[in-house]
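Only one structure is covered here, and it is reproduced in the block below.
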Amino acid sequence: MPTLSRMTKKRPAKSARGASAAKPRKKSAAPSPTAETLAEKQREISVSEFFAKNRHLLGFDNPRKAVLTTVKEAVDNALDACEEAGILPEIHVEIEQLSEVNETRYRVTIQDNGPGIVRKQIDNIFGKLLYGSKFHQMKMSRGQQGIGISAAGMYGLMTTGKPMVITSRSRKNKPAHHVELAMDTRKNKPEVTVDVETDDFPEHTGTRVSIEMEGRYTRGRTSVDEYLEQTAIANPHARITFRAPAKRNDEDENGEVTLLPAEDRQAAVARAQQESRTTKVGEVLVFPRTVDELPPEPVEIKPHPKGVELGSLMQMMKRSEHAKLGGFLRNEFCRVGPGVAKAIVEGAGLTTQTWLKTVGHDEAERLYQSIQRAKIMAPPLDCLAPIGPKQILAGLLKGVRAEFFTASMRPPAVYRGNPFQIEVGLAFGGELPNDSAARVIRFANRVPLLYQQSACALYKAVVETKWRNYGVSQGKSAGPEAPMVIMIHMASVWAPFTSESKEAIADYDEIGKEIRLALKECGRKLASYVRKRARIKRESQKRDIFTRYIGEVARALHVIDPTLDAARVRDDLKVVARHRTELADEMAAENGDMDALGALARDEHTVILDSDCEGGEFQLEPRDDELNTDQKMRKKKSKRSKQSSASDDGSLFE
Amino acid sequence: MAKKKVVRKVVKKVVRKKAITAQTKKTGTKKKTSSQKNAGGKRRPAMKLAARERIVTLAHEVAEMAAQVDDPFVDIPTRALSNVAFNEKSRIIEMGDNTQRRSFFNLSQAKKFMQTMLIASGCSELLDQEKTTSIRDLFYHCKHTIEGTKENTFDEQDESDTIIEDLEVALASLREELGLFAEPKGAMVGPMTIVDKGDVIDLSRMGSGGYAIPSIVEGEVIKFQKHKAKFVLLIEKGAVWRRFNEDRFWEKHKCVIVHGGGQPPRGVRRLLHRLNQELKLPVYVLVDNDPWGYYIYSVVKQGSISLAFESQRMAVPDARFVGMSSFDAEKFGLSKDVTIAVTVQDIRRANEIKNYPWFAKKRAWQREIDHMLKLGVKLELEALSSKDFSFITEIYLPRKLKAGEFLD
């Protein structure tokens, strides 16, 4: 019986595509498929074909998202290219609505001042999926897989039939190449339709990509506007200009849609740069550059043994140039010296002199287990290029109209053998909306994450943080409710996205913990600021009350004895009022109430803009026991220092 | 801090002196002031100042402190048992030196300070115009919206009432002296003629309602003329007093009968004091047998805790307690049906009274209160009506007076 059932199960599985598989054979008219006929249909599926059918995996689910994804992929690439070449990025994004009749026909153009692309690589970079420089290196970069921009071109081609237009100049004083590129999705191969040289490129070097596509442009949440705004925050060294589609009227009908003239753009940039705040000049939205330094170029590292899975370990052994196990371990991985290598091989019952060829599956598995047990130092961390607290502040100051800004950066940590680093920025008060939940903006390797907030580890950490401790109200299993923007950046050689469209970070314990620690640091600074603000408000209320009653008292005294001059008494009392409240301030300072603020003012990672306390209606969350606040704080402090020291020493790998 | 206090006190004294001299010059010619001085002749020298002058002094102090860049304040004597002392010699309650400082530049006191000034100015207006008014009237007089705000100077009458009490103790002036009166409560009849604001009143021809005792009974308002009374009887309740009036007890026993409608108001107490001091009439007190009754007696005899500064003018240290005593039920064969069980509050209050310094050393009083607690019942005056409606006037009180069954 067991044999029989296995047999029957196997057969329909093999011929699963046959529609009549389940029916009795005798009744079917068509000849039953044989292994040979089936083999005719069996062939390789090209990646481009796969993604053409599954474009939602890449972020092209709907016309609106397609526009955003295209901008995102192109801007990410542009920023990566500029930084790698050591150029301060100047990026121009333009979205045009091409036809009045067909409302969903758009052209998206992104231009940068990067190093440009040599002619021979243009075809592959833009016309082939999974072609790129970043996939194979253990290095922090925005792009990872090499799918993005070519997928956008493919999407454009499929929805409009128009090839993408690439203009790139790779050498100063040389003409630029103008290439129009289609793609053979079945073969995953580029098809060049136009290839000419042109002088029509405003930058010394750089690349411009134009893609026509079926799209839709709207503002608001998860829009191109939001993406660029957040990109500008995370990249204060970049200058980004954006022209959104203008409302077209009938008179313009014969007018050809053209890119914004370079001179107009320059003028807008000059205006905005003066303000050093996000400014709209004419039709152009300018995110000015607020930091003139490029972020340090991240260093490429070798994989860490603990971050490698069994399968890839075996692959690496197959590909390795080294003949013996010891050499392989020492040279293909980071943090493996002779001692560690020896410990690993001995733990697997092998020697450093074991020939790689003789390592079979069983040996590899033992080796893998042994690696997990071995004590190996955490991977080197210079491969990370965090934004940096000062740059985060610069970015927030430029784009967020708040009154209190603070930032904190965690030391690098490791998840699954991949180094990563968490930074948090926090803006509070000012013109931020008072009555809604705090806005959380998430970044992975400086790229904004706009979708799937609640599935993202970065957001989860915000929810898990107890904001009430910092005087901010918070609903059950929800984020804080305050006029607040929380920015979280995760820098990593390999950001663990939950899907290929790179929308959310997977939930690793190590990552969540680091974020929470960074949030707590910002939260503490916020709390002392909020408290101080509440105190100032109280003081001014005090002054208010006194001045309010002074008139009454002076008049009463004058009624009692008309020889007492009401005006004089009033003035005298006003002097006392000023004197008294100042005295109270001083005393508060002596009592250490204001220490926190002094510390805040000295903290170089905190910026407090002048704001009138009258305007802010934000109420401090009441604490259980105001009297014991000091003691509580002290208790918490000692707890906290223990906590952070435990996580700071990087003992994860011991 | 200590230094500062001293300096401030000196300033205060200087200012006060200045103000006094300025004021006496101003008001010295007024007739009213001089007569008032005679009336309160027995009081401490600082208290000799008329209320009007004391208010002016207060105003000058405040103005002066403001000019010195100091936080203006008013010291308000504490009205609590902890701040009174029983003077064994004069047998009255005297106010201690504890004060509560009410300063302007203190967030929780600013409004009260302002209100105190408003009430003071309201009173000074009253005195200037030689008018008297009710405390509710003054509340409305001082209530208005503060300029440029939506806040009222006073929201509830309760606020102004407590401020008035504060001002009374702070200025050591009765509210009656500040031109304020409470709702008149209390009545009297007896073989006596008085002059009230010039009207001659025969207290033996007051009908069933009696003469309503006004709030202000100072010498310049009420003058005693001829009388045939031998003593004064204070009865706790109006209802029982009516029985005494109807039975013309005062005629038979040649006495003045007074009631205060429960705890007697200041006017009644001041009048008792004057009858006792000026006409040398002994005062007997007839109250319910419960802690509340004991306390009424205590206030009449020694003065009250909250107005301790006025004890000298209101207390009647020679007053005697005639009843009802906790022993009376047995003595007069009252049935258990007419007694009321004591409550937890009664027991607590009785023990408090028992421990008052002025009761603590009197053995008879300790016995009296202990007995009530032992029986666990209290008695109302009306309980005597279970015997007969006029039992109280015809048998109970005459027998007690005859036997001299008083408690001191």
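Some observations on this one:
- Note on region A:32-99: Cα convex hull, mean projected area over all directions, 8.8 nm².
- Separation in nanometres of the label points that stand 7 Å from Cα toward Cβ, at B:Thr162 and A:Asp544: 2.4
- Cut-off under 5 Å, modelled amide H: who pairs with A:Ala348 long-range: none
- Using the Cα coordinates of region B:277-329, the gyration tensor eigenvalues translate into equivalent-ellipsoid semi-axes of 22, 15, 5 Å, sorted from longest to shortest.
- One Cα centroid belongs to region B:237-267, the other to region A:349-410; the line between them spans 99 Å.
- Estimated vicinal HN-Hα couplings, Hz - region B:391-399 in sequence order (Karplus 6.51, -1.76, 1.60; Gly, Pro = x): 4, 5, 8, 9, 10, 4, 5, x, 5
- Inter-label distance for B:Lys89 and A:His361, nm, one decimal - labels placed 7 Å from Cα along Cα-to-Cβ: 11.5
- When the alpha carbon gyration tensor of region A:400-521 is reduced to an equivalent ellipsoid, the three semi-axes, largest first, read 24, 14, 14 Å.
- Translational diffusion of region B:94-144, µm² s⁻¹ [Kirkwood Rh, Cα pairs; Stokes-Einstein; 37 °C; 0.692 mPa s]: 260
- Binning the alpha carbon pair distances of region A:315-381 at 5 angstrom intervals from zero yields the distribution 3, 19, 31, 29, 13, 3, 1, expressed in whole percent.
- Calculated accessible area for region B:339-386 comes out at 55 Å² per residue, all protein chains present (probe 1.4 Å; ligands, DNA, RNA ignored).
- For region A:285-352, dividing the convex hull volume of the Cα atoms by the residue count gives 159 Å³ per residue.
- Distance between the pseudo-spin-label points of A:Ala267 and B:Glu278 (7 Å out from Cα toward the beta carbon): 10.0 nm.
- Shown for region A:555-582: residues covered by the partner protein chains by 40 Å² or more of accessible area relative to the chain by itself (probe radius 1.4 Å), namely A:Ala556, A:Leu557, A:Val559, A:Ile560, A:Asp561, A:Leu564, A:Asp572, A:Leu573, A:Val576, A:Arg580.
- Of the GluC sites (Glu not before Pro) found in region B:79-143, those that fall in a DSSP loop while having at most 15 other beta-carbon atoms within 10 Å are B:Glu88, B:Glu130.
- For region A:397-405, backbone phi angles converted through the Karplus equation (6.51, -1.76, 1.60; θ = phi - 60°) give residue-by-residue couplings of 4, 5, x, 10, 8, 10, 10, 10, 10 Hz, Gly and Pro being listed as x.
- Per the accessible-area calculation with a 1.4 Å probe, the total area buried between chain B and chain A rounds to 2600 Å².
- Most to least accessible of A:Glu36, A:Glu94, B:Glu380 (protein chains only, probe 1.4 Å): A:Glu36, B:Glu380, A:Glu94
- Distance between region A:534-552 and region B:320-335 - C-alpha centres, whole angstrom: 61
- With a 1.4 Å probe rolled over the protein heavy atoms of all chains, the accessible area of A:Ser477, B:Ser325 falls in the order A:Ser477, B:Ser325, largest first.
- Using a probe of 1.4 Å, the accessible surface attributed to A:Met316 totals some 20 Å² when neighbouring protein chains are kept in position.
- Here the Karplus curve 6.51 cos²θ - 1.76 cosθ + 1.60, taken at θ = phi - 60°, turns the phi angles of region B:365-372 into couplings of 5, 4, 5, 4, 5, 4, 5, 4 Hz, with x standing for Gly and Pro.
- Dmax and Rg, reported as Rg then Dmax, of region A:51-218 (C-alpha, Å): 15.0, 48
- At q = 0.23 Å⁻¹, base-10 log of I(q)/I(0) for region B:121-187 (Debye sum, equal scatterers on each alpha carbon): -1.03
- In region A:222-367, the ratio of gyration radius to Kirkwood radius, Rg to Rh, stands at 1.37 when only Cα atoms are counted.
- Entries in B:Lys185/B:Lys254; A:Lys53/A:Lys187; B:Lys237/B:Lys301; B:Lys89/B:Lys378; A:Lys120/A:Lys187; A:Lys342/A:Lys375 that, when Cα-Cα distance is taken, lie over 21 Å: B:Lys185/B:Lys254; B:Lys89/B:Lys378
- FRET efficiency for A:Ser99 and B:Ala80, using Cβ-Cβ distance with R0 set to 56 Å, rounded to 0.05: 0.05
- Accessible area per residue for region B:222-323 is 30 Å², calculated with a 1.4 Å probe on protein heavy atoms, without ligands, DNA or RNA.
- For B:Tyr284, the amide hydrogen comes within under 5 Å of the amide hydrogens of B:Val232, B:Leu233, B:Leu234, B:Arg320, counting only partners 5 or more places away or on other chains and with H modelled in the peptide plane.
- Tilt relative to chain B, helix B:266-278 - C-alpha long axis, 0 to 90 degrees, to 10: 70
- Prolate/oblate/rounded call for region B:187-403, Cα gyration tensor, a/c under 1.5 rounded: oblate
- In the context of the full protein assembly, A:Leu98 retains an accessible surface of approximately 40 Å², using a probe radius of 1.4 Å and ignoring ligands and nucleic acids.
- The C-alpha atoms of region A:334-491 occupy a region whose extents along the principal axes are 67, 33, 28 Å, arranged from largest to smallest.
- For region B:341-402, taking Cα atoms only, Rg and Dmax work out to 14.3, 38 Å respectively.
- In region A:305-373, the portion of solvent-accessible area held by carbon and sulfur atoms comes to 48 percent [1.4 Å probe, whole percent, DNA, RNA and ligands not counted].
- In this structure A:Phe287 has an accessible area near 0 Å², from a 1.4 Å probe over the protein heavy atoms.
- Dividing the convex hull volume of the alpha-carbon atoms in region A:382-621 by its residue count gives 136 Å³ per residue.
- Around the amide H of A:Met487, modelled in the peptide plane, lie the amide H atoms of A:Gly425, A:Leu426, A:Ala427, A:Ile441, all under 5 Å away and 5 or more residues distant in sequence or on another chain.
- Cα-based Rg / Dmax (Å) for chain B: 23.4, 72
- Inter-part distance where region B:349-398 and region B:124-174 are each reduced to a Cα centre, Å: 40
- Carbon/sulfur fraction of accessible area - region A:51-218, other protein chains in place, 1.4 Å, %: 47
- Once the C-beta distance of A:Ser276 and A:Gln315 is scaled by a Förster radius of 35 Å, the resulting FRET efficiency is 0.10 to the nearest 0.05.
- Residues in region B:315-359 reached by a label modelled at B:Ile395 [backbone nitrogen below 19 Å; 7 Å Cα→Cβ]: B:323-339
The values are calculated or read from the model by the stated rules, or taken from the named source; none is laboratory data. Everything numeric in this text was worked out from a predicted model, so none of it was measured. Don't worry about glycine lacking a Cβ; one is built from the backbone with ideal geometry, like all the others, and counts go over all protein chains shown. Side chains are part of the model used for accessible areas, which takes the heavy atoms of the whole protein and leaves out ligands, DNA and RNA. Shrake-Rupley method; radii C 1.70, N 1.55, O 1.52, S 1.80 Å.
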